[in-house]
Amino acid sequence: MKIRINGNSVRFRLTRSDVKQLATTGGLEQKVDFGGQALFYSVKIVDGRDLTSSFENNTITLYLPAKMIGELTDTDKVGFENVVNELHLLVEKDFTCLENVSEDQGDNYPNPLAKNFYEEGD
């Protein structure tokens, strides 16, 4: 799981095993250790209709409605978004990059644009 924060926007990107774990256990959490303090970020499955979030005890939590995890697991749906009090929330599948990168992408979803990208690059 990755998060990207830009201004008043928080994006959660989920790998295949992240989505599987969420569907199985209902939650996922990671942390960034800054030495004396840590920032935690998590996704939790909840009843409800919309993405919501909270920030408490150094933890950013994205609340994902159960019906959405089913769509991420069982369909080609890429992600979901919502705006709550000017905070833009987004959760999406983490696709492999089209360009070469040094990070391990073995657990990412296949990029649906890859076929077009490589055909145009020939």
Before we move on, is Thr73 at pLDDT below 90 and either polar (S, T, N, Q) or assigned to a strand (DSSP E or B) (or both)? yes
So, of the residues in the stretch 43-70 that are in a loop (DSSP other than H, G, I, E, B) and not charged (D, E, K, R), which turns out to be surrounded by the fewest Cβ atoms within 10 Å (Cβ to Cβ)? Asn57
Glu29: surrounded by fewer than 13 Cβ atoms within 10 Å (Cβ to Cβ) and under 13 Å from the mean Cα position of the chain (by Cα), yes or no? yes
Going by the structure shown, is Lys93 modelled with pLDDT under 95, within 14 Å of Ile3 (Cα to Cα) and surrounded by 13 or more Cβ atoms within 10 Å (Cβ to Cβ)? yes
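The values are calculated or read from the model by the stated rules, or taken from the named source; none is laboratory data. All figures in this text were calculated on a predicted structure; none of them were measured in a lab. Because the Cβ atoms are built from the backbone with ideal geometry, glycine has one as well, and the counts that use them run over all protein chains shown.
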